[in-house]
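Bear in mind that the values in this text are calculations on the coordinates, not laboratory data. Values in this document were obtained by computation on a predicted structure and should not be read as measured data. As a convention, Cβ positions derive from the backbone with ideal geometry for all residues, glycine included, and neighbour counts pool all protein chains shown.
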Amino acid sequence: MALLPAAMRSILRARSTRVRRAARDLQAGGGGGGSSLLRRWQSSLPQLDHVDRSDDEIDWDNLGFGLTPTDYMYVMRSSPEDLGAFPRGELCRYGNIELSPSSGVLNYAQGLFEGMKAYRRPGRAGYTLFRPEENARRMQFGAERMCMPAPSVDQFVSAVKETVLANRRVPPQGKGGLYLRPLLMGSGPILGLAPAPEYTFLIYAAPVGNYFKEGLAPINLVVDDEFHRAMPGSTGGVKTIANYAPVLKAQMDAKSKGFTDVLYLDSVHKQYLEEVSSCNVFIVKGGVVATPATKGTILPGITRKSVIELARDRGYNYKVEERLVSIDDLIDADEVFCTGTAVVVAPVSTVTNKGRRHEFRTGPDTMSQELYTTLTSIQMGLAEDNKGWTVAVD
Ligand code: COI
C-alpha cells in the first residue's frame with residue numbers, strides 16, 4: 001500500500017476500518033454488504049470440480065516451454081468498494097475469463113505479470129518455490145508504476161502455494177518445473193485514459209522444461225540496433241505486459257534468420273547492453289562478471305540477483321560489476337550468458353553484431369555452467385539452501 005500514489009493512500013487510510021470490516025464479513029460469509037459481495041464473487045467464478053486431468057497425457061521428456069494447461073487457477077479481485085485491498089481469493093477451474101471489452105488491460109495495457117517455478121523435492125513429498133516473496137515485491141513495485149493496487153506479499157505467496165498444491169502436475173525431478181504465471185490486470189471497464197475501476201489478480205500454472213528450443217545447448221544472439229526494448233523514464237524496469245509485445249517483431253526477424261533471440265542496446269547511446277527479449281545478460285572477462293545495472297530500463301531479474309549473489313559468494317569469489325556494459329566490452333568478453341526464471345542460466349555461444357559473428361567460451365569449465373549447477377541445485381532441493389531462498393510447499 002505504501003507504493004500507491006499519495007492521494008489514493010490517504011483515501012485508503014481514512015476508510016481502512018470499513019474495508020477491514022467488509023473483508024471480515026466477506027471471509028466469514030457474514031451479513032450486510034459482505035454477503036452480497038460474497039454472492040457476487042462466487043457467482044462470477046467457475047466452480048471447482050474434482051476431475052483432475054490425467055498425467056498420462058503429458059510427455060515429460062519433451063516438455064519445452066509450450067502451454068500444457070493444468071486444472072486450476074487462482075483468482076482474486078479488487079473492486080472499487082475494496083479501496084485497493086484484495087479481500088478474498090479462490091481456486092477455480094482453469095479456463096477462459098470474462099473481461100469487459102473496455103477493460104483497462106485490453107485498451108491501455110494496464111497489466112503486469114510474474115514468472116516463477118515450483119520443483120518437486122527429491123526423496124520426499126512436497127515442492128519448493130524459489131524466493132516467491134521477491135516476485136510479490138516486484139509485482140507491488142510494478143503496480144505502483146502502473147497505478148494498480150497489488151496483493152500483499154503474504155496473499156501473493158499463499159496464492160502461489162495454493163495453485164501449486166491444486167495442480168500437482170509438477171514434472172518429475174530432472175524433467176522441469178511447474179511454471180507459475182501470476183497476472184495483475186485492470187479488469188474493470190474504462191473508456192477515457194485512466195486507471196481501471198476494478199483489478200484482477202490471477203495465477204495459472206503449466207509444467208515446463210527448457211525455454212529455448214536449443215534445450216541446454218548454447219544459444220546464438222543477434223544485436224538489434226533498430227528496435228529498442230525500453231527507454232529512460234518508461235517501464236523497462238517493471239514487468240508490465242506492455243514491455244513484451246513490442247519485442248516480437250525483432251524476435252521474429254531474428255528467428256527467421258536462425259538466431260535464438262535478440263540482444264537489445266540502450267535507446268540513447270545505442271552502445272550499451274540492456275537485455276535479451278526474455279532474460280538478463282552477463283559477460284565474463286578474466287575473473288570479473290559484469291551485467292548492466294538496473295537503472296529503470298532493465299528488468300531487475302530475481303535469477304539475475306541470485307546469480308550475482310552466488311558469484312560473489314566465498315566459494316567463487318568472483319568480482320561482480322553492475323555497470324554500463326558496452327557492446328565493445330561484450331565483443332572482448334570470454335563468456336556471455338543469460339539469466340531468467342524461464343531461461344535459468346543459458347550460455348551464449350555467439351553474438352552477431354553489425355553482421356559480424358563473435359564467439360564465446362561454453363562448456364563444462366565455464367562460469368555460467370558453474371552458476372547454473374549451483375543455482376539449480378538449490379532450486380531443486382539437491383543442495384543445502386544456506387541462503388533461505390527456497391520455500392516449502394506441503
Ligand atoms: C520468465 O522468465 O519467467 C519471464 O517472465 C520471461 C517470459 C518472457 C517467459
- prompt: Taking Cα atoms of segment 253-359, Rg/Rh with Kirkwood Rh, to two decimals?
  reply: 0.94
query: At a Förster distance of 45 Å, what's the computed FRET efficiency of LYS387 paired with ALA194, Cβ-Cβ distance as r, to 0.05?
result: 0.60
query: THR373 versus VAL268, label points 7 Å from Cα toward the beta carbon: distance in nm?
result: 4.1 nm
message: Among LEU310, LEU382, LEU265, whose Cα projects farthest towards the positive end of the dipole of segment 219-384, with charges put on the beta-carbon of Lys, Arg (+1) and Asp, Glu (-1)?
response: LEU265
- request: Using a 10 angstrom cutoff on alpha carbons, build the Gaussian network for the chain and name the most mobile of ILE97, ILE283, ILE327.
  value: ILE97
query: Where in segment 312-331 is the amide nitrogen less than 15 Å from a point lying 7 Å along the Cα-to-Cβ axis of ALA293?
result: 320-326
- prompt: Pick from GLY381, GLY142, GLY66: which residue has the top mean-square fluctuation in a GNM of the chain where Cα pairs under 10 Å get a spring?
  reply: GLY66
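Can you give the longest stretch of the chain with no exposed loop site, where a site means GluC sites (Glu not before Pro) in a DSSP loop (not H, G, I, E or B) with at most 16 other C-beta atoms within 10 Å?
Numbers: sites that count: GLU98, GLU214, GLU226, GLU384.
Answer - 227-383.
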field: Per residue convex hull volume, Cα atoms of segment 176-239, in Å³
entry: 168 Å³
field: Set of lysines near LYS117 by C-alpha distance (under 30 Å), chain-local residues within fewer than 8 positions excluded
entry: LYS161, LYS175, LYS213, LYS239, LYS249, LYS255, LYS295, LYS305, LYS319, LYS387
statement: Here the cysteines of the chain lacking a cysteine partner under 4.7 Å (Cβ to Cβ) are CYS92, CYS147
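Want the number for ARG168 to LEU248: 0.36 nm per residue separation, take away the alpha-carbon distance, what's left? Show your work: numbers first, answer last.
Details: separation 80, 0.36 × 80 = 28.80 nm, distance 3.20 nm.
Extending this stretch completely gives an extra 25.6 nm.
Could you give me D for the chain, from Stokes-Einstein at 20 °C and 1.002 mPa s, where the hydrodynamic radius is the Kirkwood radius over C-alpha pairs? Units µm² s⁻¹, please.
Numbers: Rh = 22.3 Å.
D, rounded to a whole number, is 96 µm²/s.
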